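Inspection log for the structure reproduced underneath, given as structure tokens.
Derivation of every value follows stated rules applied to the coordinates shown; laboratory data play no part. Bear in mind that the values here come from a model prediction, so they are computed numbers and not experimental data. Cβ: placed from backbone, ideal geometry, glycine included. Neighbour counts: every protein chain shown.
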Amino acid sequence: MRPTREQAMAILKKYVKSESQQKHAMAVEAAMCYFARLNHEDEQLWGVVGLLHDVDYELYPEEHCVKAAEILKEEGVDPEIIHAVQSHGYGICCNIEPTNMMEKTLFAVDELTGLITAAALMRPSRSVMDMEVKSVKKKYKDKHFAAGVDREVIRQGAERMGITLDELISNTMLGMREQASRLGLEMHDDQ
Ligand SMILES: [Fe+2]
Ligand SMILES: [Fe+2]
């Protein structure tokens with residue numbers, strides 16, 4: 001089946017209990033939906049792929065992207081979605097290469113949403129709403145900031161998509177803005 005957003009959320013919550021992991025899934029979802037619209041593609045499908053991409057990570061961190069296939073198959077999810085989910089670990093935890101634009105986008109935005117979230121939380125507003133591309137870029141270049149975020153994956157991701165790093169950052173951020181309150185990244189002016 002091709003899950004609705006509600007069905008995908010239910011699957012996510014069944015396997016991922018950590019709130020920060022759920023928020024990560026929704027941040028990737030937000031970016032995927034934005035890029036789907038830009039590419040005139042199926043927003044619901046891209047969003048669901050974003051929501052489900054780390055479904056196995058909390059329970060099986062050592063078998064990330066491998067267990068996901070089993071879980072999603074058991075949940076009756078379409079092979080197209082399973083392939084896309086697995087491909088985000090290309091070169092890291094699996095050898096399924098991102099081929100179509102949906103898969104390339106997932107690969108590119110996964111780590112970047114983490115960088116953008118970390119950068120947003122450093123701001124006085126603790127928000128993505130008043131953030132600019134150049135401030136994200138500064139954090140991208142600062143290797144000590146959010147050191148767990150793999151810059152090479154982001155760089156390679158933009159290259160695979162055939163867009164510039166600035167375009168990737170800008171559109172990912174715009175996607176996350178659309179869901180800022182869901183992500184806890186709306187404006188906070190209680191500084
Ligand atoms: Fe992952
Ligand atoms: Fe992820």
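If you count Lys pairs in the chain whose Cα atoms are under 26 Å apart, skipping same-chain pairs closer than 8 places in sequence, the total is 27.
Counting each DSSP H run of 4 or more residues in the chain as -39500 (n - 2.57), what helix-only mean residue ellipticity at 222 nm follows after dividing by all residues, to the nearest 500 deg cm²/dmol? Mean residue ellipticity at 222 nm (helix-derived): -18500 deg cm²/dmol.
Quote the relative contact order of the stretch 5-178 in percent (integer), defining contacts as alpha-carbon pairs under 8 Å separated by 6+ residues.
Details: 238 pairs, mean separation 39.2, N = 174.
Contact order relative to length: 23 percent.
Compute the helix-to-body angle for 165-178: its Cα long axis versus the longest principal axis of the chain, expressed 0 to 90° and rounded to tens. Approximately 80 degrees, to the nearest ten. Which residue, TYR140, ALA84, MET9, has the largest displacement toward the positive end of the dipole of the chain when charges sit on each Cβ (Lys, Arg +1; Asp, Glu -1)? Going by the charge dipole, the pick is TYR140.
Calculate the translational D of the stretch 5-178 in whole µm² s⁻¹ from Stokes-Einstein, where the hydrodynamic radius comes from the Kirkwood formula applied to all Cα pairs, the temperature is 20 °C and the viscosity 1.002 mPa s.
On the way: Rh = 16.0 Å.
D = 134 µm²/s.
Could you tell me how many degrees, from 0 to 90 and to the nearest 10, lie between the Cα long axis of helix 43-52 and the main elongation axis, the longest principal axis, of the Cα atoms of the chain? Orientation of helix 43-52: about 90 degrees from the principal axis.
The angle separating the long axis of helix 151-161 from the principal Cα axis of greatest extent in the chain is about 70 degrees.
State the percent of C-alpha pairs, over all pairs in the stretch 83-191, separated by a distance greater than 18 angstrom.
Working: 2865 of 5886 pairs.
Above the 18 Å cut-off, the stretch 83-191 has 49 percent of its Cα pairs.
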